Structure formats: structure tokens, C-alpha cells
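Taking it in order: structure first as C-alpha cells, then the write-up.
Since every read-out is calculated from the coordinates, none of them should be taken as a lab result. A quick note: this is a predicted structure, and the numbers were derived from the prediction, not measured. In this analysis, Cβ positions are derived from the backbone assuming ideal geometry, glycine residues included, and neighbour counts consider all displayed protein chains.
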Amino acid sequence: MLSQGIYSILLLVISNIFMTFAWYGHLKLKEFSWFSTLPLIGVIAISWGIAFFEYCFQVPANRLGFRENGGPFDIMQLKIIQEVITLVVFTLFSMIVFRTELKWNHLAAFVCLVMAVYFIFKK
């Protein structure tokens, strides 16, 4: 059986997939004629609809992972984990959906994030 920490991380990954689509998916969807004619309020409503599912995973992820609820992570660790997951999901999304090229400075930033994870878990 998976621990609360693993469940928390898996839920954060799913949450961040929804979040990335809610925040940036509309930039790609504008290529479709039905979407490009929507007024801004329609685009916002669709993004909110997608973001609802983000919260359906984000809130349980934080509750499961939080030390005071029996999870393994303190609040700072949860935040750093979430940020790293967000950037990994966003990078994959931008590479696949927008065909963004991964450059050396992106990799350098990831090394800094890995160092942030190391330091936040260091006693």
C-alpha cells in the first residue's frame, strides 16, 4: 500500500496537470475556430471549470501530505514539492503542446530546484 506521502505527490501531479491546462491551455485552444470566437469571459469560465478539478486533487493532496494530518511533510516541504511538480508538468506541457525547446538555462533552473528540495528536507 502506498504511503500518504506518495498519494500526496501523485495527487499533486494530477492537480498540476489540470492547473497547467487551466492556465495555459487556452493559448493553444485559440487555434480552433469555435474557441477563438469566445469572449474573454467564456475563456475564463472554461479555465475556471478546469481549475475546479485542480482543486479537487490539490486540497486532498495537501491534507494527506501535511504532517499535522498524519502525513510526512511540513508546510514548507509541501510547497517546494508542489513548485517542482508544477515546473516539471509545465515544462513537459510546453514541450509537447507548444513545441518549446529545452535549453541549457532551463536545465540550470531545474538543478536549482533540485537543490531547493534537498535543502528543504535537510535537518
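List the lysines whose alpha-carbon lies under 27 Å from that of LYS123, not counting same-chain residues fewer than 8 positions away?
Output for LYS123: LYS79.
Within region 26-64, report the trypsin sites (Lys or Arg not before Pro) that DSSP leaves as loop and that have at most 15 other Cβ atoms within 10 Å. It would help to have the intermediate numbers written out before the result.
On the way: sites: LYS28, LYS30, ARG63; in loops: LYS30.
Sparse-neighbourhood loop trypsin sites (Lys or Arg not before Pro): LYS30.
Looking at region 31-96, which chymotrypsin sites (Phe, Trp or Tyr not before Pro) are DSSP coil and have at most 16 other C-beta atoms within 10 Å of their C-beta?
Hits after loop and neighbour filter: PHE32.
Would you work out which of PHE121, GLY5, GLY65 lies farthest towards the positive end of the dipole of the chain? Charges go on Cβ: Lys and Arg +1, Asp and Glu -1.
PHE121
Straight-line reach from LYS28: which aspartates and glutamates have Cα under 18 Å away, leaving out those fewer than 8 places along the same chain?
GLU101
With the calculation restricted to Cα positions, what are the radius of gyration and Dmax of region 12-62 in angstrom?
Expressed in Å, the Cα Rg and Dmax of region 12-62 come to 11.9, 38.
Return the calculated 222 nm mean residue ellipticity for the chain, to the nearest 500 deg cm²/dmol, obtained by summing -39500 (n - 2.57) across DSSP H runs with n ≥ 4 and dividing by the residue count.
-27000 deg cm²/dmol
Pop out the ³J(HN,Hα) list for region 60-65 in order, Karplus 6.51 cos²θ - 1.76 cosθ + 1.60 with θ = phi - 60°, rounded to Hz; leave Gly and Pro as x.
Computed from phi, the couplings for region 60-65 are x, 4, 5, 5, 5, x Hz.
Suppose we flag GluC sites (Glu not before Pro) only when DSSP calls them loop and at most 15 other Cβ atoms lie within 10 Å. Which is the longest uninterrupted stretch of the chain?
32-100
Compute the convex hull volume of the Cα atoms of region 28-122, divide it by the residue count, and report the result per residue in Å³ as a whole number. Intermediate results must be reported in sequence, preceding the final value.
On the way: hull volume 10.8 nm³, N = 95.
Per residue, the Cα convex hull of region 28-122 comes to 114 Å³.
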